[in-house]
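Colleague: Here it is: the structure, laid out below.
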Amino acid sequence: MNHLSQSQLNLFSSATIDRMARTVGDVDELDVLANSDHARFLPVYDTKVLVANKTGRLAAAAMEQAELSSRFSCVNPPVYLGCKNDLHYFAVEVISAEKDVKQFADLRQSAALLNDNDAALLGYALAILTWQRNHQHCGACGAPTITRQGGHVLQCTAPTCAREHYPRTDPAIIVLVEHGDRALFGRKAEWPIHRYSTIAGFVEPGESAEQAVVREVAEETGVEVIESCYHSSQPWPFPGSLMLGYTACAGHSQIRLNDQELEEARWLSRQELADLMVCGEFLPPPPISISFRLIEDWFNRQHNIPFRVWCENNSANR
Ligand SMILES: [Zn+2]
């Protein structure tokens with residue numbers, strides 16, 4: 001499977017929305033679109049998104065202008081996200097009445113109940129509005145910023161500065177390290193009991209993603225990575241990361257928790273992992289995460305029961 005196909009299987013990256021790059025810069029056209037019958041608005045309140053319950057599943061609550069105006073006050077002009085099936089989507093930060101607050105959901109917790117497109121659309125809306133909220137002042141001179149380009153640029157209002165700020169995405173690596181038939185798992189002290197994941201960390205300035213893989217694995221586990229291979233990526237809108245997924249081979253299996261970021265790191269074969277899951281002593285990362293997918297791909301390579309089926313069959317993982 002190629003990298004594009006792999007990435008499209010990661011939740012939050014599967015949107016087929018047309019981002020309409022040329023339209024974003026045309027203020028008049030955006031105004032017409034926002035006031036047309038084809039406009040749909042996705043309200044975001046603080047760090048939460050509005051979802052609708054549809055017979056047990058959740059869906060993005062995409063509403064028309066009239067409903068938006070009757071229910072919410074908007075904080076800033078809506079941000080144009082793009083077009084899909086002749087509908088134009090806008091993300092809009094709202095002030096919510098007390099009675100409506102409980103309708104907003106934590107996307108991280110509700111994503112598994114959304115279809116792929118709605119999860120991606122809401123992730124996109126949440127990420128860009130969170131960036132806007134955190135950049136109301138120019139990082140260079142401190143003057144207030146105003147929105148440009150359909151909300152995709154924040155420009156400093158100080159005439160002597162006028163700097164343009166673009167949406168920020170923080171790259172992070174996440175890697176499944178193998179040594180023989182075993183893979184490396186770590187857990188942090190603050191995670192739920194028995195929760196394990198693959199090794200992850202932010203890419204630092206002046207560093208390539210591949211160098212970050214080597215450094216993070218060495219810092220957190222003392223294991224030396226001798227080879228790495230790109231797998232896929234996943235936007236992670238909590239608040240604005242891009243996870244770069246890798247697989248890697250280790251030169252040795254000796255573990256040393258150098259930076260104490262992990263409480264524990266351990267090597268597990270597929271069978272050892274499966275056995276631990278049966279007795280509830282291995283809780284995998286959430287199925288919406290790229291970490292889960294890296295483990296799934298590794299597990300499925302040599303196990304006759306698919307990892308997702310194995311997880312569903314073990315109640316300890318629900
Ligand atoms: Zn400025």
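The values are calculated or read from the model by the stated rules, or taken from the named source; none is laboratory data. Being a predicted model, the structure only gives us computed values, none of them experimental. Counting neighbours? That spans all protein chains shown, and the Cβs are built from the backbone with ideal geometry, glycine included. Protein only, heavy atoms only, side chains kept; ligands, DNA and RNA dropped before computing areas. Shrake-Rupley method; radii C 1.70, N 1.55, O 1.52, S 1.80 Å.
Colleague: Quote the charge dipole size of region 107-226 about the Cα centre in Debye, to the nearest 20; the model charges only the Cβ of Lys and Arg (+1) and of Asp and Glu (-1). Before the final figure, lay out the partial values.
Modeller: Details: 10 positive and 14 negative charges, 124 e Å.
In debye, rounded to 20, region 107-226 gives about 600.
Colleague: Does region 94-246 come out rounded, prolate or oblate by the C-alpha gyration tensor, with a ≥ b ≥ c the root eigenvalues, rounded set by a/c under 1.5 and, if not, prolate when a/b is larger than b/c and oblate if not? Don't skip to the answer; put the middle values down first.
Modeller: Numbers: a/c = 2.59, a/b = 1.49, b/c = 1.74.
It comes out oblate by the Cα gyration axes.
Colleague: Sticking with this one: What relative contact order, as a whole-number percentage, does region 1-134 give when Cα pairs under 8 Å and 6 or more residues apart are counted? Numbers along the way, then the final one.
Modeller: On the way: 209 pairs, mean separation 43.2, N = 134.
Answer for region 1-134 is 32 percent.
Colleague: So what is the calculated 222 nm ellipticity per residue for the chain, using -39500 (n - 2.57) for each DSSP H run with n of 4 or more, over all residues, to the nearest 500 deg cm²/dmol? Display every interim value, and only then the final one.
Modeller: Details: 11 runs with 91 residues, N = 318.
Calculated from helices alone, the mean residue ellipticity at 222 nm is -8000 deg cm²/dmol.
Colleague: A further question on this structure: Give me the base-10 log of I(q)/I(0) for region 27-107 at each q in 0.15 Å⁻¹, Debye formula, one uniform scatterer per Cα, rounded to two decimals.
Modeller: With no solvent term, the Cα-only Debye profile gives -0.52.
Colleague: With a 1.4 Å probe and every protein chain kept in, tell me what percent of the accessible surface of region 27-76 is carbon plus sulfur.
Modeller: Details: 1330 of 2860 Å².
Answer for region 27-76: carbon and sulfur cover 47 percent of the accessible area.
Colleague: Pick from V213, V75, V223: which residue has the top mean-square fluctuation in a GNM of the chain where Cα pairs under 10 Å get a spring?
Modeller: V75
Colleague: Using a cut-off of 21 Å between alpha-carbon atoms, which lysines can reach K99, once sequence neighbours fewer than 8 places away in the same chain are excluded?
Modeller: By straight Cα distance, K99 reaches K48, K54.
Colleague: Continuing with this model, one more query. Taking the full set of protein chains and a 1.4 angstrom probe, give the accessible area of Y230 in square angstrom, rounded to the nearest 10.
Modeller: 70 Å²
Colleague: Farthest toward the dipole's positive end in the chain, which of A39, I128, T221, given Cβ charges of +1 (Lys, Arg) and -1 (Asp, Glu) about the Cα centre?
Modeller: A39
Colleague: Here's something else I'd like to know. Which net charge results when you count Lys and Arg as +1 and Asp and Glu as -1 among the other residues whose beta-carbon is under 14 Å from that of T47? Let's see the in-between values first.
Modeller: Details: positive: K48, R108, R133; negative: D46, E93, D106.
Result for the local shell: 0.
Colleague: Give the residue list of GluC sites (Glu not before Pro) in region 144-220 that are DSSP loop and have at most 12 other beta-carbon atoms within 10 angstrom. Working shown, then result.
Modeller: Numbers: sites: E164, E178, E190, E207, E210, E216, E219, E220; in loops: E190, E207.
Taking region 144-220 and a limit of 12 other Cβ atoms within 10 Å, the loop GluC sites (Glu not before Pro) found are E190.
Colleague: Test of the criteria: in region 186-234, which trypsin sites (Lys or Arg not before Pro) are in a DSSP loop and have at most 15 other Cβ atoms within 10 angstrom of their Cβ? All intermediate terms of the calculation are to be shown ahead of the outcome.
Modeller: Numbers: sites: R187, K188, R195, R215; in loops: K188.
Within region 186-234, the qualifying trypsin sites (Lys or Arg not before Pro) (loop, at most 15 other Cβ atoms within 10 Å) are K188.
Colleague: I'd like the carbon and sulfur percentage of the solvent accessible area for region 97-212, probe radius 1.4 Å, heavy atoms only, ligands and nucleic acids excluded.
Modeller: Details: 2920 of 5810 Å².
Within region 97-212, the accessible surface is 50 percent carbon and sulfur.
Colleague: Any idea of H137's accessible area? Nearest 10 Å², probe 1.4 Å.
Modeller: 110 Å²
Colleague: Probe of 1.4 angstrom, ligands and nucleic acids ignored: what's the accessible area per residue over the chain, in square angstrom? Kindly include the intermediate steps, with their values, before the conclusion.
Modeller: Values: 15820 Å² over 318 residues.
Averaged over the residues of the chain, the accessible area is 50 Å².
Colleague: How many percent of DSSP beta bridges within the chain run antiparallel, rounded to 5? Each step should come with its number before you reach the end.
Modeller: Values: 47 of 63 bridges.
Counting only bridges with both partners in the chain, antiparallel ones make up about 75 percent.
Colleague: What do the square roots of 5 times the Cα gyration tensor eigenvalues come to for the chain, in whole Å, largest first, as semi-axes of the equivalent ellipsoid? Don't jump to the answer; show the numbers that get you there.
Modeller: Numbers: eigenvalues 304, 113, 57 Å².
Computed over the chain, the values are 39, 24, 17 Å.
Colleague: Quick check: net charge around P171, other residues with Cβ under 14 Å of its Cβ, Lys/Arg +1 and Asp/Glu -1? List each step's numbers first, then the result.
Modeller: Details: positive: R168, R215; negative: D170, E204, E207, E210, E216.
Counting the neighbours of P171, the net charge comes to -3.
Colleague: Over its Cα atoms, what ratio of radius of gyration to 2.2 N^0.38 Å does region 143-209 give?
Modeller: Working: Rg = 20.3 Å, N = 67, 2.2 N^0.38 = 10.9 Å.
For region 143-209, the normalised Cα radius of gyration comes out at 1.87.
Colleague: Under 1.5 on a/c is rounded, so check that first for region 272-318, then, if it is not, pick prolate when a/b is larger than b/c and oblate when it is not; a ≥ b ≥ c are the square roots of the alpha carbon gyration tensor eigenvalues. Display every interim value, and only then the final one.
Modeller: On the way: a/c = 1.67, a/b = 1.15, b/c = 1.44.
It is oblate, given that a/c is not under 1.5 and a/b is not larger than b/c.
Colleague: Given q = 0.10, 0.14, 0.19 Å⁻¹, what are the Debye log10 I(q)/I(0) values for region 1-152, with equal point scatterers placed on the Cα positions and solvent ignored?
Modeller: Values, matching the q order: -0.36, -0.70, -1.24.
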